[in-house]
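Colleague: Sharing a structure, written as structure tokens. Questions coming.
The values are calculated or read from the model by the stated rules, or taken from the named source; none is laboratory data. Predicted model only: the values in this text are computed from it and were never measured. Virtual Cβ from ideal backbone geometry, glycine too; neighbours counted across all protein chains shown. All accessible areas refer to the heavy atoms of the entire protein, side chains included, with ligands and DNA or RNA removed. Shrake-Rupley method; radii C 1.70, N 1.55, O 1.52, S 1.80 Å.
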Amino acid sequence: MKGVMSTHLEDYAFLSDLRTGPLVSRGGSIDWLCLPRFDSPALFSALLGDADDGRWLLQVADGEVTERRYVPDTFVLETTWRGPTGVARITDFLPPSNEHSDLVRRVECLEGTVTVEHDLRIRFDYARATPWVRTISQPDRPALLAVAGPEGLLFSGPMLHWQQPHEEGTPTGGRATRLGGRFDMSVGERLDWQMTWFPSHEEPPTPDDPDDAYHQAVQFWTEWAAQLTAHPHHQPIVRRSLLVLRGLTHSLTGGIVAAPTASLPENFGGSRNWDYRYVWLRDAALTIEVAIAHGLTKGATLWRDWLLRSVAGDVDGVRIMYGLAGERDLRESELDHLGGYEHSRPVRIGNGAADQYQADVVGEVMIALGALRDAGEREDEYSWGLQQGLLQYCEDNFERKDHGIWEMRGKTHYFTHGRAMMWAAFDQGVRAVEEHGLEGPVERWRELRDRLRTEIDEHGFDDELGSFTQTYDNREVDASLLQLPHTGFVDYDDPRMMGTVTRIEQDLADEVGLLHRYRTDTGLDGLEGEEYPFLICNFWLVEQYAMSGRLEDAERLMNQLVGYATDLGLLSEEYDPGTGRLAGNFPQAFSHLGLIRAADALAATRRSS
């Protein structure tokens, strides 16, 4: 394992059927796949180890990739290969989600002749279970059936074969560690392979016709994208970012995962490796705001409904994140048998931060639901009642310290950003009564809002530094302070905000001008090691520059950040300027949300200038 180099994140493509999101490398290897949901145990885990931890490689023998792209406005991936005697195109896609999950891999020979080869290593449950594989009869041809415990996979298409002797079993079946095959093709020929997941206690399903599946996938995505309007600034990547947000959304529940991956490191070789396959209230709230801004009100209401369902029954103990359907048990554990991406360990699944108290979350939710009201979406007794419950939760926790937006694992503090978001929560409650005629204890909310403003002005701003501070009890700055104007607490061009920006530039920017979230060497977060610059913090800085009149700085930084996206328009959580590589979970909803908002701020500033 020590000699294995991890595939760069830039080389991965993301696929989606609105239930799961595999990663496919430029070289044709599916190294990460969780079925049937984003947060299900992975059956391909090579991303966090090596090939023996599970993958499906499909490539042109002795060939090289000359081009790859998404079919426009879709997550249907086309990769063109040139071999010694010909050219082929491999198309990877998942048809729109149905009662089972399908993955289709299509090869078309475009010129001359090519040989394609497979290397399939199925490792259920994060490479802790190798399946029993046997041949079964299907209406048109034999197929392979792989089973391990509760999970089953059906492989349809030209037959793959055992690449080493069975560890156990008979000539027609056994415990298969590796399957493969080589297939010669001539110009005009096409071969399709299809993998279908199903619960192993059920009969194997009949796979969709590959042609129908392809047309369904293309039609689904292009019809959804047709509602997107042209954007005046960085149109292609803004459009792709909106598609990414949709692709990270679970079609049945409406929950949007922060990323489809787990334990990709915030620093290569480090221990800051977290599972992001869950739904953060903050991410869902920011997605609602972006959806509204781009005319996607129907999608925003779906995300709102997820928020309300997840919080229902738990309004006096709101959590910062939930499972895709609102699950609360996200306990964290470590997978010691996996070597880790770039040897970054431990490899974690689950997320212990789910149990944290973070004071900002309700404010984020209330701002988003306020924007939905302003867009004309009517409240009902249920939705407004739950929001009143959220404000009561804020009041009940008014004096409580928290872990901050960045899920620090050290001691709790009064974080200025969190207190400002709590101010925003009560402010939205007051606005709902005053501007929309809803009922509620507005005098009490107004009192608590005013108390928070006085408190933040007194304890969250340092007159000597001329800056807001990270917490009430230190003189550090934090990139989350760039969000204060977004809450309405302070104007973008307020002298206090301008002073805060100056301090952030001085204290948190690296040699190429990229911001870190905060200074890790203070020990405040209770974690070992360092981390790379966070992309969303830098998009927040673009927004701040644009809205405060520094348009030239905003455009310069925006162009720099957009340049870090992959050739397919994807962004991860962090960027390492030392190696020029993306880092952290990928693709990351937070980064794409930040990009869209930054582009919107630039467009708004141009319109008003």
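Colleague: Would you confirm whether any residue within the range 324-332 is in contact (Cβ under 8 Å) with a residue 12 or more places away in the chain, closer than 22 Å to Trp406 by Cβ, assigned to a loop (DSSP other than H, G, I, E, B) and open to solvent by less than 20 Å² (accessible area, probe 1.4 Å)? Lay out the reasoning, then the answer.
Modeller: If we filter the range 324-332 for residues that are in contact (Cβ under 8 Å) with a residue 12 or more places away in the chain, which is where we start, we get 324-326, 328, 330-332.
Cutting the leftovers down to closer than 22 Å to Trp406 by Cβ gives us 328, 330-332.
Then keep just the ones that are assigned to a loop (DSSP other than H, G, I, E, B); that gives 328, 330-332.
Those still in the list that are open to solvent by less than 20 Å² (accessible area, probe 1.4 Å) too: 330.
Yes; the residues of the range 324-332 include at least one that is in contact (Cβ under 8 Å) with a residue 12 or more places away in the chain, closer than 22 Å to Trp406 by Cβ, assigned to a loop (DSSP other than H, G, I, E, B) and open to solvent by less than 20 Å² (accessible area, probe 1.4 Å).
Colleague: On to the next question. In this structure, does Tyr564 turn out to be in contact with a strand residue (DSSP E or B) (Cβ under 8 Å, 6 or more places away or on another chain) and part of a loop (DSSP other than H, G, I, E, B)? Lay out the reasoning, then the answer.
Modeller: Details: in contact with a strand residue (DSSP E or B) (Cβ under 8 Å, 6 or more places away or on another chain): yes; part of a loop (DSSP other than H, G, I, E, B): yes.
The answer is yes for Tyr564.
Colleague: Return the total of residues in the range 488-509 being open to solvent by 40 Å² or more (accessible area, probe 1.4 Å) and closer than 17 Å to Thr522 by Cα. Reasoning before the result, please.
Modeller: Within the range 488-509, the first condition is being open to solvent by 40 Å² or more (accessible area, probe 1.4 Å), and the residues that meet it are 488, 491-493, 495-496, 498, 502-503, 505-507.
Remaining after also requiring closer than 17 Å to Thr522 by Cα: 503, 506-507.
Adding up the residues that qualify gives 3.
Colleague: Within the range 437-451, track down each residue that is under 37 Å from the mean Cα position of the chain (by Cα), in a helix (DSSP H, G or I) and touching a residue at least 24 places away in the same chain (Cβ under 8 Å).
Modeller: Trp445, Leu448, Arg449
Colleague: Would you say Asp50 is among the charged types (D, E, K, R), free of Cβ contacts under 8 Å to residues at least 60 places away in the same chain and open to solvent by 40 Å² or more (accessible area, probe 1.4 Å)? Can you show your working first?
Modeller: Numbers: among the charged types (D, E, K, R): yes; free of Cβ contacts under 8 Å to residues at least 60 places away in the same chain: no; open to solvent by 40 Å² or more (accessible area, probe 1.4 Å): yes.
So Asp50 fails the test.
Colleague: Which of the following residues is in contact (Cβ under 8 Å) with a residue 40 or more places away in the chain, closer than 18 Å to Asp283 by Cβ and either in a helix (DSSP H, G or I) or basic (Lys, Arg) (or both): Leu386, Leu369?
Modeller: Values: Leu386 fails: closer than 18 Å to Asp283 by Cβ.
Answer to the check: Leu369.
Colleague: Run down Ala213, Ala259, Ala225 and say which single residue is touching a Leu at 6+ places or on another chain (Cβ under 9 Å), of a type in the set (A, V, I, L, M, F, W, C) and closer than 30 Å to Ile136 by Cα. It would help to see each step written out before you state the result.
Modeller: Details: Ala259 fails: closer than 30 Å to Ile136 by Cα; Ala225 fails: closer than 30 Å to Ile136 by Cα.
The match here is Ala213.
Colleague: Now, a different point. How many residues are within 30 Å of Pro495 (Cα to Cα), open to solvent by less than 50 Å² (accessible area, probe 1.4 Å) and either free of Cβ contacts under 8 Å to residues at least 60 places away in the same chain or among the hydrophobic types (A, V, I, L, M, F, W, C) (or both) when one looks only at the range 522-571?
Modeller: Residues in the range 522-571 being within 30 Å of Pro495 (Cα to Cα), open to solvent by less than 50 Å² (accessible area, probe 1.4 Å) and either free of Cβ contacts under 8 Å to residues at least 60 places away in the same chain or among the hydrophobic types (A, V, I, L, M, F, W, C) (or both): 22 in total.
Colleague: Right, here's the next one. Please enumerate the residues belonging to the range 449-487 that are over 23 Å from Asp525 (Cα atoms), among the hydroxyl-bearing types (Ser, Thr, Tyr) and open to solvent by less than 50 Å² (accessible area, probe 1.4 Å). Give the derivation first.
Modeller: Taking the range 449-487 as the starting set, the residues that turn out to be over 23 Å from Asp525 (Cα atoms) are 449-455, 457-458, 463-464, 466, 485-487.
Okay, now just the ones that are also among the hydroxyl-bearing types (Ser, Thr, Tyr), so 454, 487.
The one that is over 23 Å from Asp525 (Cα atoms), among the hydroxyl-bearing types (Ser, Thr, Tyr) and open to solvent by less than 50 Å² (accessible area, probe 1.4 Å): Thr487.
Colleague: Condition first: open to solvent by 30 Å² or more (accessible area, probe 1.4 Å) and touching a Leu at 6+ places or on another chain (Cβ under 8 Å). Now tell me which residues in the range 279-294 satisfy that.
Modeller: Ile292
Colleague: Now a separate question. Take the range 297-319 and flag every residue that is of a type outside the set (Asp, Glu), within 22 Å of Thr20 (Cα to Cα) and open to solvent by less than 60 Å² (accessible area, probe 1.4 Å).
Modeller: If the condition is that a residue be of a type outside the set (Asp, Glu), within 22 Å of Thr20 (Cα to Cα) and open to solvent by less than 60 Å² (accessible area, probe 1.4 Å), then Gly299, Ala300, Thr301, Trp303, Arg304, Trp306, Leu307, Ser310 are the ones that fit.
Colleague: Just to check your reading of the model, which residue among Ala176, Ala127 is crowded, with 22+ Cβ neighbours inside 10 Å, more than 26 Å from Pro96 (Cα to Cα) and at pLDDT 95 or above?
Modeller: Values: Ala176 fails: at pLDDT 95 or above.
Only one candidate passes the filter, namely Ala127.
Colleague: Write out, first by first residue and then by second, each pair whose Cβ atoms fall under 7 Å of each other, whose residues are 6+ apart or on separate chains, and whose first residue, in the range 348-363, is acidic (Asp, Glu) while the second is modelled with pLDDT of 95 or more and crowded, with 18+ Cβ neighbours inside 10 Å.
Modeller: Pairs that qualify, where the first residue is acidic (Asp, Glu) and the partner is modelled with pLDDT of 95 or more and crowded, with 18+ Cβ neighbours inside 10 Å, are Asp360/Ile405; Asp360/His417; Asp360/Gly418; Asp360/Met421.
Colleague: Does Glu99 count as outside any strand (DSSP E or B), farther than 21 Å from Ala226 by Cα and open to solvent by 40 Å² or more (accessible area, probe 1.4 Å)? Give the derivation first.
Modeller: On the way: outside any strand (DSSP E or B): yes; farther than 21 Å from Ala226 by Cα: yes; open to solvent by 40 Å² or more (accessible area, probe 1.4 Å): yes.
Considered against the rule, which asks whether it is outside any strand (DSSP E or B), farther than 21 Å from Ala226 by Cα and open to solvent by 40 Å² or more (accessible area, probe 1.4 Å), Glu99 comes out as yes.
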